[in-house]
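Here is the structure we will look at.
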Amino acid sequence: MTSTPSRLQQKLEGEQFVFTTEVCPPKGADCDTFVAVARELAPHVDAVNVTDNQGAHMRISPLAAAALLQREGVEPVFQLTCRDRNRLALQSDLLGAAALGVKNVLLLTGDHISFGDHKEAKTVFDLDSVQLIDVASRLCRGEDLSGRKLHGAPSFFIGAAAAPEAEPFELTLFKLRKKIAAGAQFLQTQAVFDPAACQKFHQAVAPLGARIIAGIIILKSAGMARFINANIPGLNIPDTIITELENSPHPHTTGIDIACRLAAEIKPYCHGIHIMPMGLERGVAAIVSSVSA
Amino acid sequence: MIVSRQKPIEDILSSLDGCRSVFLIGCTKCATVCKSGGEEEVWQMQEELLAAGIEVTGSLVIDEACHMLRVSRDLRSKQQMVDDADSILVMACGAGIQSVSAATSKKTVAALDSLFLGNIRRFGQFEQKCSLCGECILTQTAGICPVTACAKGLLNGPCGGMDNGRCETDQESPCAWAEIFERLQKTPQSCDLESYRPPKNHGKVPKPGKLKLPK
Ligand code: SF4
Ligand code: SF4
């Protein structure tokens, strides 16, 4: 366990623009493809997020997935949600991650069970995301939630989620301020589509000190965009984008173009970009090179 | 009040498998208001049991089936009918059913599913407002309970799925935190959204819950 900051933290704190992306851990014990995809993406980005039973669909543990990437030399961002674990499990997973060398954590509430593939499961939510961020900060200070001393304190780069386009904006700001006060050092946003909303978000949040990593999603088709609008909480893809995809003879290429364009437009309002490739991994390199150019 | 709903009749009949005779119990309070175990429903159940070839030895609609002493006393007053039955079918909440099972050694069959502590919006419409968490925070949340009204029970504000003030789990329902926010805008209260709310103390309500008033 070393206390050297992660590359992601060093770059963000050194005012360098960062790129991250994400790979969904597999449903099953075979992680070959998962690791291969992450390795392929790694040269283009600073870190690779591993999602936590995303959309409440059961997959392998993000802790195991993050450790696998760490072992491969790919810097992970370990996503951890409050949906499936109580405060003991959350703390022990955080400490476990630290022991395996994982430093970047993205601490989330988690999508509701009703979206997933185990709808009859009991939801936990023993802590909420603000409390989880507070717990991670306490662990870094060498004590657990009950105030007991730790044998070896972890050092995390703590991230939280933000939804810049959700209304009422003022209400979401209250929670963000609490997240930052509790110890969030960077904010990863939901997929954004409106540069004006990003500008407003940046104005409101940048003074609070947290670094902003804006989310960009690669849309493969108009059908996928409509599906996301109907099924993924908090994402609102505008009709203009859906029409553009619909009228395109090559929707994959158009989807990547749209993502490149959005990324360039929002770059002034963030400190980094998180790319959700949604199966179009080749888009990641394209977006990174178009924004960096 | 405790909101309950009758189990499907097929399930009730299959739980009564092998019983030729039944004694029926309802409750005059919550189960009556929910139309799951009042006088009228007990009578309807009697008809359905008869139609299924099960004899009903007698029935009793108890004033508060959750009252253990009263249930024992009332059952004793119908001792013969109870003794004649193979089992007792109870149309009351889970608390009421257990007052009965504690008072008799007969097979006790549950006719209702107990759902939640509910408010009555209007006749026949019930809503959960409180989940009996053991440390009420309504004073700090503008009189709206996020432990219950938020699908995730979040204490520090809305989740990322909230949009246009609606809940991610149901676009028809308001997000509890949007409601709290709106109420605070209209009537400033002695609470604010800025302060950190620590995790709940789940030790406050032991499981099973017990309370003994000092003498
Ligand atoms: S905070 Fe909510 S659940 Fe707890 S006692 Fe008050 S109303 Fe009930
Ligand atoms: S949208 Fe609001 S009420 Fe629904 S789960 Fe999220 S915070 Fe709770």
### Task
Report, to the nearest 10°, how far helix A:32-41 tilts away from the longest principal axis of the Cα atoms in chain A, using its own Cα long axis and a range of 0 to 90°.
70
### Task
Just read off the accessible area of A:Met278 with the full protein assembly in place, 1.4 Å probe, to the nearest 10 Å².
70
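What average number of partner chain Cβ atoms lie no more than 10 Å from the Cβ of the residues making up A:129-136? Please report the intermediate quantities before stating the final value.
Values: counts 6, 8, 8, 1, 1, 4, 1, 0.
Counting Cβ atoms of other protein chains within 10 Å of each residue's Cβ and averaging gives 4.
With runs of 4+ DSSP H residues as the only contributors, calculate the mean residue ellipticity of chain B at 222 nm using -39,500 (n - 2.57) per run, divided by the residue total and rounded to the nearest 500.
Numbers: 8 runs with 65 residues, N = 215.
About -8000 deg cm²/dmol.
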### Message
Rounding to the nearest 10 and keeping the result within 0 to 90°, find how far the Cα-based axis of helix B:94-103 lies from the longest principal axis of chain B.
### Response
40
### Query
What figure in square angstrom, to the nearest 10, would you give for the accessible area of A:His250 with a 1.4 Å probe?
120
### Task
May I ask you to rank B:His67, A:His274 by accessible area, largest first, using a 1.4 Å probe over the protein chains only?
B:His67, A:His274
### Query
Does anything in the stretch B:128-165 have its amide N under 18 Å from the 7 Å Cα→Cβ label point of B:Glu194, and if so which residues?
B:140-142, B:156-158
### Message
In whole Hz and in residue order, list the ³J(HN,Hα) couplings for the stretch A:198-212 that follow from phi through the Karplus curve 6.51 cos²θ - 1.76 cosθ + 1.60, θ = phi - 60°; x for Gly and Pro.
### Response
5, 5, 4, 5, 4, 4, 6, 9, 3, x, 7, x, 7, 7, 10
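Based on the alpha-carbon gyration tensor of the stretch A:20-176 and its eigenvalue square roots a ≥ b ≥ c, which shape applies: rounded if a/c is under 1.5, prolate if not and a/b is larger than b/c, or oblate? Walk me through the intermediate numbers first.
Values: a/c = 1.39, a/b = 1.12, b/c = 1.23.
Rounded is the answer for the stretch A:20-176, as its axis ratio a/c remains below 1.5.
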### Task
Quick one: grab the alpha carbon gyration tensor of the stretch B:131-204, order the square roots of its eigenvalues as a ≥ b ≥ c, and give me rounded if a/c is under 1.5, else prolate or oblate depending on whether a/b is larger than b/c.
oblate
### Summary
Calc'd 3J(HN,Hα), the stretch A:225-242, phi into Karplus 6.51 cos²θ - 1.76 cosθ + 1.60 (θ = phi - 60°), Hz, glycine/Pro = x, comes to 4, 5, 4, 4, 4, 7, 10, 9, x, x, 9, 10, 7, x, 4, 4, 5, 4
## Note on the structure
Whole-Hz Karplus couplings 3J(HN,Hα) for the stretch B:58-72, θ = phi - 60° and coefficients 6.51, -1.76, 1.60, Gly and Pro as x, run x, 8, 8, 10, 8, 6, 6, 5, 6, 7, 5, 5, 5, 5, 4
### Summary
With a ≥ b ≥ c from the Cα gyration tensor eigenvalues, square-rooted, and the rule rounded for a/c under 1.5, otherwise prolate when a/b > b/c and oblate otherwise, the stretch B:2-116 is oblate
### Query
What accessible surface, in Å², does a 1.4 Å probe find on A:His118, ignoring ligands, DNA and RNA and rounding to the nearest 10?
90
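Tell me, what is a quarter of the convex hull surface for the C-alpha atoms of the protein assembly as shown, in nm² with one decimal?
Its average projected convex-hull area is 30.3 nm².
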### Query
Can you list residues whose amide H is under 5 Å from A:Leu187's amide H, if they're 5+ apart or on another chain and H is modeled 1.01 Å from N?
A:Ala160, A:Arg211, A:Ile212, A:Ile213
### Summary
When chain B is treated as a Gaussian network with springs between alpha carbons less than 10 Å apart, the largest mean-square fluctuation among B:Lys200, B:Lys107, B:Lys186 is found at B:Lys186
### Query
Gaussian network model of chain B, Cα springs within a sub-10 Å range: biggest mean-square fluctuation belongs to which of B:Thr139, B:Thr187, B:Thr104?
B:Thr187
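Can you give the helix-only mean residue ellipticity at 222 nm for chain A, where every DSSP H stretch with n ≥ 4 adds -39500 (n - 2.57) and the sum goes over all residues, rounded to the nearest 500 deg cm²/dmol? Intermediate results must be reported in sequence, preceding the final value.
Working: 11 runs with 122 residues, N = 293.
The helix contribution divided over chain A gives -12500 deg cm²/dmol.
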### Message
I need the calculated FRET efficiency for the pair B:Ser77 and B:Ile120, taking r as the beta carbon distance and R₀ as 45 Å, to the nearest 0.05.
### Response
0.90
## Note on the structure
With DSSP loop assignment and no more than 13 other C-beta atoms within 10 Å, the trypsin sites (Lys or Arg not before Pro) in the stretch A:128-159 are A:Arg141, A:Arg148
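The values are calculated or read from the model by the stated rules, or taken from the named source; none is laboratory data. The structure displayed is predicted, hence computed values, not measured ones. Cβ atoms come from the backbone with ideal geometry, glycine included; neighbour counts cover every protein chain shown. With ligands, DNA and RNA removed, areas are computed over all heavy atoms of the protein, side chains included. Shrake-Rupley method; radii C 1.70, N 1.55, O 1.52, S 1.80 Å.
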